[in-house]
1. For segment 172-188, does any single residue satisfy the condition of being open to solvent by 50 Å² or more (accessible area, probe 1.4 Å) and closer than 28 Å to residue 38 by Cβ?
2. Out of segment 43-65, which residues are in contact with a Phe, Trp or Tyr (Cβ under 9 Å, 6 or more places away or on another chain) and open to solvent by less than 20 Å² (accessible area, probe 1.4 Å)?
3. Could you please let me know if residue 323 is over 20 Å from residue 25 (Cα atoms), within 16 Å of the ligand (Cβ to nearest atom) and touching a residue at least 12 places away in the same chain (Cβ under 8 Å)?
4. Say we look at segment 298-322 and pick out the residues that are open to solvent by less than 50 Å² (accessible area, probe 1.4 Å) and in contact with a Leu (Cβ under 8 Å, 6 or more places away or on another chain); which of these is farthest from residue 70 (Cα to Cα)?
5. Within segment 213-229, which residues are touching a helix residue (DSSP H, G or I) at 6+ places or on another chain (Cβ under 8 Å) and small (Gly, Ala, Ser)?
6. Check residue 115 against each of (1) within 16 Å of the ligand (Cβ to nearest atom); (2) of a type in the set (Gly, Ala, Ser); (3) modelled with pLDDT under 95 and name the one condition it does not meet.
7. Could you give me the residue pairs with C-beta distances under 8 Å whose first residue belongs to segment 140-156 and is within 14 Å of residue 181 (Cβ to Cβ), whose second residue is among the charged types (D, E, K, R) and open to solvent by less than 40 Å² (accessible area, probe 1.4 Å) wherever it lies, and which are 6+ apart or on separate chains?
Amino acid sequence: MDFSLSDEQLALQDTARRFARDEIAPIAAQYDQSGEFPMEVMKKAYEIGLSHVTIPNEYDGVGLSLLDCVIVTEELSWGCAGISTSLMGNDLGLAPILVGGNADQKKEWLGYLTGDFHMAAFCLSEPEAGSDVAGLQLLCEKDGDDYVLNGTKCWITNGGVADLFTVFATMDRAARHKSISAFVVPSDTPGITIGKKEMKMGQCASDTRVLHFDNVRVPSAQRLGEEGQGFVVAMKTLDTTRPSIGALAVGIAQRGLDESLQYSMDRKAFGTPIAGFQAVQFMLADMAKDIEAARLLTYQSAWMIDQGMNASKNSSFAKCFATDMAMDATTNAVQVHGGNGYTKEYPVEKLMRDAKLMQIYEGTNQIQRMVIARELLKG
Ligand code: COS
């Protein structure tokens, strides 16, 4: 067993680390407070190959393995989780094309995403169907060679800035998962309205929207996979993207630890740096050991997917463990900073707000435990 990274992976990590420190971290607080979308940073990331990273080389993508991808995501998240979520949300948005698309669809739509700077968004969640994917309500009705989509999606990352949506819809609500189909839909298709932007607790740089579909006509050539296969496309997509949420969490927690180490050496109490107190040392030690455990689970699940192994359980291990860990680690980072940590003068309160979302999106951590338990009970 070899835990070392290759020279190429170390170089990639270094590129992402420098981009996070030079281009993302300095503007993170500004975008967090304004809630604006950092389009310029997204374009820069695209230009140096830190965006659209999962698109294979044959479609002019960067063609990273998932292990490479999580190495990059961790570094970018160190700079700002909201910006990293926007970049990662792009790969989530295009993943159903990789999972369910045929050769022609991949050529056309992945080529579109790499031909120029274009972004994608994954449109699964609905007002009445977040955890319960099979209960989604957005209707698709067959009309000649087209489908007509009607309904509402919500909590869509990149919803207001994406050029391309991957959309999940049902032909028969009563048939639950068996009637769901997936579609690739350009965001300027008539009938799509970009709804309100959510004002969130954290990850404010990411654009989270409601989307309305009103008689949106989609040719059947834009259906990804067979009719009724959309649920499995969604599940397989989430299996491959949950390790990236683990990586996002590791990046946030590592930032919390780095900030806490520096602060505890600078800050004096009772005439000595607070790093000298065992109470503080134990918090630092817990952060470091838990980050390393989460990183290993994240790498392992990404590696399993790269090997073509079934990684549903391990992806959920990584997502659930790493995001719970990041919540604890960033809460402790605020604690190490004391009163200062609770102010916006220091970056750790943002880390804590950003971390909370990760226990919720891409399947709540309660859903992850459900996936794990079901896999265990399969026998
Ligand atoms: N890969 C392939 N097939 C899968 C699968 C996977 N990972 N997970 C489930 N399936 C298949 C099952 O084998 C089953 O197949 P059959 O029709 O042959 O029986 C079918 O899909 C239905 O699966 P299941 O019965 O497990 O579906 P449930 O309705 O019970 O829901 C959960 C399963 C809860 C796991 C699913 O709804 C889920 O992941 N929810 C969270 C959604 C989420 O992450 N939302 C965030 C959106 S992105 S921000």
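1. yes
2. Within segment 43-65, 45, 50, 51, 52 qualify.
3. Answer is yes for this residue.
4. Checked segment 298-322; the qualifying residue farthest from residue 70 (Cα to Cα) is 314.
5. If the condition is that a residue be touching a helix residue (DSSP H, G or I) at 6+ places or on another chain (Cβ under 8 Å) and small (Gly, Ala, Ser), then 221, 225, 228 are the ones that fit.
6. (1)
7. If the second residue must be among the charged types (D, E, K, R) and open to solvent by less than 40 Å² (accessible area, probe 1.4 Å), the pairs left are 151/126.
Okay, residues lined up against (1) within 16 Å of the ligand (Cβ to nearest atom); (2) open to solvent by less than 20 Å² (accessible area, probe 1.4 Å); (3) charged (D, E, K, R):
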{"position": "214", "(1), (2), (3)": "no, no, yes"}
{"position": "218", "(1), (2), (3)": "no, yes, no"}
{"position": "231", "(1), (2), (3)": "yes, no, no"}
{"position": "235", "(1), (2), (3)": "yes, no, no"}
{"position": "238", "(1), (2), (3)": "yes, yes, no"}
{"position": "245", "(1), (2), (3)": "yes, yes, no"}
{"position": "255", "(1), (2), (3)": "no, no, yes"}
{"position": "269", "(1), (2), (3)": "no, no, no"}
{"position": "277", "(1), (2), (3)": "no, no, no"}
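The values are calculated or read from the model by the stated rules, or taken from the named source; none is laboratory data. Quick caveat: nothing in here was measured; it's all calculated off a predicted structure. So basically every Cβ, Gly included, is an ideal-geometry build from the backbone, and we count neighbours across all protein chains shown. Ligands, DNA and RNA are excluded from the accessible area calculation, which covers all protein heavy atoms including side chains. Shrake-Rupley method; radii C 1.70, N 1.55, O 1.52, S 1.80 Å.
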